[in-house]
Amino acid sequence: MRKRNRQRKKLGQLAGAILAVISIGSALFSAIPTSNPDAKNSEFPSVIRIGYFANITHAPALIAVQEQYFEKYLPDTEIQYFVFPSGSAAVEAFKGGALDISYVGPNPAINGFVTTNGSLLRIVSGATSGGAQFVVQPGVTESNLAGKNFATPGLGGTQDVALRSYLSDKSLTFDVGGDVAITPSDNAATLSLFQKGDIDGAWVPEPWASRLVLEGGGKVLVNEADLWENGAFATTLIAATSSFSAEYPAAVEAVLEANLDALQLIENAPEEAKLLSQEEIARQTGKTLPIETLNRAWSNLKFGYDPLALTLQKSADDAVKVDMLKLGSTGLKGIYDLLPLNNLVARRGLPTADAAGLGS
């Protein structure tokens, strides 16, 4: 039996504090010292700052925190955890020098890479795929989408681009005064708006898709998995700043070791994995998911270290198509650094991951 009273490292900023800091701007972040000002030649930093979301799509991170897997592989490093409300918040922390490595969605990672001419970050592993749906009010169909108001978790985010791409393929416009209104909204507010009938639907990740169905009485108009080859698309990746990866490759490997341990637990003991994920979500939010919601959401997710690089390129192409992204001449070339991951999985006798020509 696991010890329930395990000693934990002090958490970094929680979501509310992160939002407050971000509102001040990245100038404030630049005043925060780098992760290891005193030991540039050390194999491991004295401090590492790890980000994740208190959401079921980040289950590998939730489990690794609960089981202290990061501490297992970084025993002499102070670990500061940052819980972010969105991928864009994590990327802003990257830009401000306030974060070293984080679980993040594909589109925020793409935006961070492209808007810094490829200098900011590298994707070093996958974590989760699948688990996004377009849930609508019962009377909404594919034939009457015009005139409706839909929500997404955030402007330019992974689900926001997915919805815009879907509507564009149906020749529907969504700019101001267009055929469809899109309202970026945090997921908790989206559920409330949906229950009140103030929005007609939302393209959201799990467990919010399940909550809209089970608590809001919605129906699934589109399961995003149906739009992808083999039903697989990246949902949660692990990205590190380029500077941190270059200076502390052993620390990056340590984080990836922890992620692999979490993935192994998910595969070998899924019920325990669900419980651990619930415990970390409750620790961060004060709430747990109803078991029916948890089970439905979990069934729509797949967990693995493969970053599904081909789907990242499609996500970028979709963002360009709906004017949410401009790619430079080199595109996404260099966004992946999978050498540390592939070294680890090879040692574990697992298949290596492919960067699909986008490796550094």
Most fluctuating residue given options G201, G349, G130, as computed from a GNM of the chain linking Cα atoms under 10 Å: G349
Value at 222 nm in deg cm²/dmol, rounded to 500, when DSSP H runs of n ≥ 4 in the chain each add -39,500 (n - 2.57): -12000 deg cm²/dmol
Cα-based helix-to-principal-axis angle, 187-196 vs the chain, degrees rounded to 10: 20
Crossing angle, helix 249-268 versus the chain [Cα axis fit, 0-90 degrees, rounded to tens]: 60
GNM flexibility winner over the chain from V135, V104, V345 (Cα, springs under 10 Å): V345
Out-of-range pairs (alpha-carbon distance over 22 Å; input K95/K333; K219/K314; K72/K287; K95/K321; K148/K170): K219/K314; K72/K287; K95/K321
Length-normalised contact order for segment 164-241 - Cα pairs under 8 Å, 6+ apart - percent: 15
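Given an 8 Å cut-off on Cα distances and at least 6 residues of separation, report the relative contact order of the chain as a percent. It would help to have the intermediate numbers written out before the result.
Values: 683 pairs, mean separation 86.9, N = 360.
Value for the chain: 24 percent.
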R283 versus A146: modelled label distance in nm, points set 7 Å from Cα along the beta carbon direction: 5.2
Two-site FRET efficiency, L275 against A181, from Cβ-Cβ distance with R₀ of 51 Å, rounded to 0.05: 0.80
Overall Cα dimensions of segment 72-173 - principal axes, largest extent first, Å: 58, 31, 20
Between helix 270-285 and the chain: long-axis angle, C-alpha atoms, 0 to 90°, nearest 10: 90
Near-label residues of segment 158-191 by backbone N, under 20 Å of a point 7 Å along Cα→Cβ of T116: 158
Label-point separation in nm, N343 to D198, each point 7 Å along Cα→Cβ: 5.1
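Let me spell out the model: positive unit charges on the Cβ of Lys and Arg, negative unit charges on the Cβ of Asp and Glu, origin at the Cα centre of the chain. What dipole size does that give, in debye rounded to 20? Don't jump to the answer; show the numbers that get you there.
Numbers: 29 positive and 37 negative charges, 124 e Å.
Charge dipole of the chain: 600 debye, to the nearest 20.
Each reported figure results from applying straightforward, stated rules to the coordinates on display, with no laboratory input. Since the structure is predicted, the reported quantities are computational estimates derived from the model, not experimental observations. Positions of Cβ are generated from backbone atoms using ideal geometry, with glycine treated the same way; all protein chains shown enter the neighbour counts.
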